[in-house]
Amino acid sequence: MHLDVRDMKNFYDRTALGRAARRALRRQLCDLWPVGRCRGEAVAGYGYATPLLGPYLEEAGRVINMMPGPQGVLPWPAGRANVSLLCEEALWPLANESIDRLVILHGLEASEHPAALLEESYRILQGGGRAIFIVPNRAGLWARRDRTPFGYGRPYSLLQLESLLRDFGFVPEHHRSALFFPPSERRFWLRSSGFWENAGRRLPSYIAGGVLIVEASKQVPAPRRPGLPERVRLPLRVLEGVKAPGARPA
C-alpha cells in the first residue's frame, strides 16, 4: 500500500518526528556511503528517497529520483532542476547497468510486485553496484504505528529481507538499524532522539530498531567458456577397440 506523496512530504518536512527520522536515516546512509566516495557516480532512489538523496546532489555525477505511480510524484529538489520522475514499479526508465548506487525507501514494503521491483533493481545496477534497502522492522515499534509512513505495507525481519535479496541475485554486505526512539511526538523523545540512536547502535539491530537497513551488492554470474559443457559431456574414445574381459576373439 502506497501513501500519497503529499503525506510523505508533510511527514518528513513539517513534523518534528519526521525531521528526527530523516536525520537518523541520513546519518546511517552517509555512514555507509560517504558523500565523497560517490563522486562522479550515478545515484538513483526509488519510493520516497528524497529525504536521503540531498547530500549526493553536489558530488554524484547524476542523481535520479523515481516515485511509483500509485504514490504520485512531486518535483525535487526545490529551487533546482527537477530530477524526480513518475514510473511503474516493474518498468523503470533507465538503461541496463546504468546506475552505480540505488536507495530504496518506502518502496519494497509498499510494493504490490516485490519480485518485479527487485528484478528492476538488479537490471539497472552495474556489475558490483550497490543498493541500500530500508524497510520497517517487524519487531520494532514503528511498524505498529500508522501515524508514520513506516506503519504501512509489509514489515520484514532481517532474515526475510536478506533471503529475499539473495533470491534475486544480491549479496547482503552489511546490515544495521535505525529509529531506536519511539514514534512519539512527545518533546522528551524528540529532544533525546540523538542519544537513543547512538545507544541503539550497541543493541541487536534485528530486534531493537524501527527500520532495517541492508546494503547489498549485485552478484554477476561467472562467465562460461564456450563449448566446455558440450566437450565434457562427450565420452572419451581412447578404449575403443579394446575387448571386454573374457570375450572370445572373433
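The values are calculated or read from the model by the stated rules, or taken from the named source; none is laboratory data. This is a predicted model, so every value here is computed, not measured. Here the Cβ positions follow ideal geometry from the backbone for every residue, glycine too, while neighbour counts run over all protein chains shown.
The figures follow:
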{"read-out": "Failed condition for residue 51, given (1) surrounded by fewer than 20 Cβ atoms within 10 Å (Cβ to Cβ); (2) under 15 Å from residue 150 (Cβ atoms)", "value": "(1)"}
{"read-out": "Test: residue in the stretch 84-96 that is of a type in the set (Ser, Thr, Tyr) and within 17 Å of the chain's Cα centre (by Cα)", "value": "no"}
{"read-out": "Which listed residue, of 217, 177, is touching a Ser or Thr at 6+ places or on another chain (Cβ under 7 Å) and at pLDDT 85 or above", "value": "177"}
{"read-out": "Some residue of the stretch 119-126 being at pLDDT 95 or above, aliphatic (A, V, I, L, M) and touching a helix residue (DSSP H, G or I) at 6+ places or on another chain (Cβ under 9 Å)", "value": "no"}
{"read-out": "Qualifying positions in the stretch 137-161 - within 16 Å of residue 117 (Cβ to Cβ) and outside any loop (DSSP other than H, G, I, E, B)", "value": "156, 160, 161"}
{"read-out": "Only one of 104, 99 that is among the β-branched types (Val, Ile, Thr), touching a residue at least 12 places away in the same chain (Cβ under 8 Å), buried (at least 23 other Cβ atoms within 10 Å of the Cβ) and under 20 Å from residue 8 (Cα atoms)", "value": "104"}
{"read-out": "Scope the stretch 67-106; condition in contact with a strand residue (DSSP E or B) (Cβ under 8 Å, 6 or more places away or on another chain), over 18 Å from residue 129 (Cα atoms) and in a strand (DSSP E or B); matching residues", "value": "67, 68, 84, 85, 86, 87, 88"}
{"read-out": "Members of the stretch 3-40 found to be in a loop (DSSP other than H, G, I, E, B) and more than 17 Å from the chain's Cα centre (by Cα), listed by number", "value": "3, 4, 15, 39, 40"}
{"read-out": "Criterion (touching a residue at least 40 places away in the same chain (Cβ under 8 Å) and buried (at least 16 other Cβ atoms within 10 Å of the Cβ)) met by exactly one of 193, 184", "value": "193"}
{"read-out": "Some residue of the stretch 131-139 being surrounded by fewer than 20 Cβ atoms within 10 Å (Cβ to Cβ) and free of Cβ contacts under 8 Å to residues at least 24 places away in the same chain", "value": "yes"}
{"read-out": "Filter result for residue 60 (more than 22 Å from residue 123 (Cα to Cα), at pLDDT below 95 and not polar (S, T, N, Q))", "value": "no"}
